[in-house]
Amino acid sequence: MPFRSACFIMGNPATGNLPTIIQGGMGAAVSNWRLARAVSRLGQLGVVSGTALDSILVRRLQDGDLGGHMRRGLDQFPIPEIADRIWSTYYIPGGKAERAPYKSLPTHLKDTPFELKELCVVANFVEVILAREGHDNPVGINYLEKVQLPHLPSIYGAMLAGVGCILMGAGVPLKIPGVLDHFANHEPATYLLQVTGAHDDDDRTMVFTPREVVARDLPPLTRPKFIAIIASNTLATTMLKRADGKVDGFVIEGYTAGGHNAPPRGKLQLDERGEAIYGERDAVDLEKIMALGVPFWLAGGYGSPEKLAEALNAGATGVQVGTAFAFCDESGLKNDYKRALLEKVRSGTARVFTDSVASPTSFPFKVAQLEGSLSEDQVYSARPRICDLGYLREAYRTPSGAIDYRCSAEPVTTYLSKGGRLEDTSGKKCLCNALLANIGHPQVRNGKYTEQALITSGNDLVGVDRFLRPGASTYSAADVIAKLITGVGSRVRSSGDASHPRPACARDLSHC
């Protein structure tokens with residue numbers, strides 16, 4: 001197969017060339033290559049999560065690369081010596097011992113070590129290329145604007161693999177469209193790092209030069225479409241007016257969606273359960289969104305045929321659905337957690353809590369309540385405060401003018417020594433380690449302590465049993481799509497033929 005990218009054409013929804021269903025990009029690797037491939041094969045937009053893919057790739061390799069999928073992905077990377085170097089560094093035949101720790105990676109910095117940049121390129125390439133196997137439909141990748149340090153090499157790696165769409169939320173990603181324009185021609189790209197306390201003349205610019213990794217002349221890449229994930233009319237207008245390149249659409253995400261939610265507008269107020277209170281100011285005016293003239297999808301509680309019909313009738317191109325896909329067979333969530341939470345759903349005891357303090361980002365974070373996970377106070381209190389992955393660290397200016405990094409979930413004394421405030425440490429949880437535990441790759445410390453899960457889910461968790469067939473205890477991505485399009489099938493885009501898979505992608509770049 002030629003090394004190329006596949007893209008749906010973003011245009012008038014009436015032409016039928018847009019996905020009606022976007023599968024949410026749930027990190028870390030809950031939205032993995034298997035899930036995205038399953039959804040895209042059925043003509044909707046499958047999306048992989050781009051969060052922490054460098055750590056995920058090396059942990060899969062240290063677990064013995066079950067099924068040989070990572071080796072297959074590495075074999076398709078255009079520079080064989082880079083792929084082979086990563087394989088020889090991290091692969092453990094048969095997998096590491098159960099109580100042995102994973103080999104750690106260095107944390108990302110403004111000037112990230114070259115080896116880590118290289119690993120980010122390869123990890124994102126592998127996840128996307130595997131998701132594209134067996135069909136000719138586009139695949140997307142989701143990033144969090146808040147996780148800025150890995151952005152540039154990660155995006156370039158996804159583009160090398162032919163990603164069709166970049167989706168990004170959790171911030172204001174004004175500079176990403178321009179990055180895509182540069183990388184399409186293998187040109188260097190820059191990104192300005194947010195640094196607390198920075199002065200106007202401080203150097204905050206991150207740079208990635210593709211030729212540092214792929215040291216050869218390459219034909220241009222297809223620029224992926226860019227979809228911003230937003231929660232307000234103001235942000236939609238800002239993106240269209242100020243972004244340094246084309247914004248091809250919006251996902252409008254409500255506060256019932258899983259993962260990080262946009263904070264309520266105005267002063268934060270909590271209800272009797274300790275959850276953030278949202279009001280009329282947090283609602284998006286869809287008529288104003290329609291007037292902007294770009295496609296949009298609605299997200300947050302839209303995982304039912306009735307809500308899909310409602311979205312279409314409101315002028316949306318379709319919906320983004322996360323929670324329903326998070327608990328399907330193909331998702332990367334550990335099967336034990338899927339079974340336990342689906343049983344809670346069937347028994348009517350499932351509960352999701354919007355935790356206003358758990359995330360080091362200070363954004364509200366939705367947590368599914370599950371025994372034995374960090375959602376329980378006694379489990380959380382038993383965990384030592386450790387920050388060794390660092391994806392959610394805050395960059396800050398030191399008194400000497402240097403850039404350093406801190407996390408409100410790290411040891412309190414360490415955080416305070418970096419100028420952090422004591423009140424910001426209360427209730428903070430290490431999402432980075434927990435999210436890797438969610439997908440079956442928990443770090444083991446000193447052969448004794450194993451990192452525990454903290455599972456995020458949208459409020460729609462309580463209704464995912466709608467996707468179960470009679471007598472079944474699990475369901476597939478195909479079941480989700482079939483259920484969603486019930487009653488609106490004639491209005492849903494369908495493309496591709498999943499019965500005719502295409503061959504694996506070759507390393508040869510001559511047909512780009």
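Taking a point 7 Å out from the Cα of ARG469 in the direction of its Cβ, none of the residues of the range 36-54 has a backbone N less than 12 Å from it.
What the pair-distance distribution of the chain shows, using all Cα-Cα distances binned every 20 Å from zero, is 23, 61, 16, 0 percent.
Tell me the net charge near ASP84. Cut-off is 11 Å between Cβ atoms, ASP84 excluded, with +1 for each Lys or Arg and -1 for each Asp or Glu.
Net charge around ASP84: 0.
Only one residue of TYR380, PRO295, THR398 has its Cα farthest out toward the positive end of the dipole of the range 289-441, where Lys and Arg carry +1 and Asp and Glu -1 on Cβ, and that residue is THR398. Only the Cβ atoms of Lys and Arg (+1) and of Asp and Glu (-1) were treated as charged; on that basis the dipole of the chain about its Cα centre amounts to roughly 520 debye.
Here the relative contact order of the chain, from alpha carbon pairs under 8 Å that lie six or more residues apart, stands at 21 percent.
By its C-alpha gyration tensor, with a ≥ b ≥ c as the square roots of the eigenvalues, how is the range 206-344 shaped: rounded for a/c under 1.5, else prolate for a/b larger than b/c, else oblate? Because a/c hits 1.5 or more and a/b fails to exceed b/c, the range 206-344 counts as oblate. For the chain, the residue among THR425, ALA215, ASN459 whose Cα projects farthest onto the positive side of the dipole built from Cβ charges is ASN459. The charge dipole of the range 42-179, taken about its Cα centre with unit charges on the Cβ of Lys, Arg, Asp and Glu (plus for the first two, minus for the last two), comes to roughly 300 debye. For the range 320-448, a crude dipole built from +1 on the beta carbon of Lys and Arg and -1 on the beta carbon of Asp and Glu, taken about the Cα centre, is about 120 debye to the nearest 20. Specify the inter-centroid distance of the range 329-358 and the range 172-206, based on alpha-carbon positions, in whole Å. About 37 Å separates the Cα centre of the range 329-358 from the one of the range 172-206. Please work out the Cα center distance from the range 31-58 to the range 405-450, rounded to the nearest Å. Distance between centres, Cα-based: 26 Å. Amide H of ILE229: which non-local residues (sequence gap of 5 or more, or other chain) have their own amide H closer than 5 Å, using H built in the peptide plane? Correct list: MET168, GLY169, VAL251.
Distance between the pseudo-spin-label points of VAL412 and LYS267 (7 Å out from Cα toward the beta carbon): 2.7 nm. When the square roots of the Cα gyration tensor eigenvalues are ordered a ≥ b ≥ c, the ratio a/c for the range 256-330 is 1.5 or more and a/b does not exceed b/c, which makes its shape oblate. Distance between the C-alpha centres of the range 384-398 and the range 210-253: 27 Å, rounded to the whole angstrom.
Phi angles of the range 156-170 translate, via the Karplus equation with coefficients 6.51, -1.76, 1.60 and θ = phi - 60°, into HN-Hα couplings of 4, x, 5, 5, 4, 7, x, 4, x, 7, 9, 10, 8, x, 6 Hz per residue; Gly and Pro are given as x.
Sequence-ordered 3J(HN,Hα) estimates for the range 351-363 from the Karplus curve with 6.51, -1.76 and 1.60 and θ = phi - 60° stand at 8, 10, 10, 8, 8, 7, 10, 4, 7, x, 6, 6, 7 Hz, glycine and proline given as x. Toward the positive end of the charge dipole of the chain, with +1 on the Cβ of Lys and Arg and -1 on the Cβ of Asp and Glu, the farthest Cα among GLY46, SER408, GLY169 is that of GLY46.
The packing ranking of peptides 221-227, 28-34, highest mean first, is 28-34, 221-227, where packing means the average number of other beta carbon atoms within 10 angstrom of each residue.
If a spin label sat at a point 7 angstrom from the Cα of ALA482 along the line to its beta carbon, the backbone N atoms of the range 427-464 nearer than 19 Å would be those of 464.
By average Cβ neighbour count within 10 Å, what is the ranking of 178-186, 344-352 from highest down?
Numbers: 178-186: 18.6, 344-352: 15.0.
Peptide ranking by packing, descending: 178-186, 344-352.
Protection proxy ranking of 110-118, 89-97, by the mean of other Cβ atoms within 10 Å over each peptide's residues and highest first, is 110-118, 89-97.
Here, each number is a calculation from the coordinates, and none is a lab measurement. Just so it is clear, the model here is predicted, and its values are computed rather than measured. In this analysis, Cβ positions are derived from the backbone assuming ideal geometry, glycine residues included, and neighbour counts consider all displayed protein chains.
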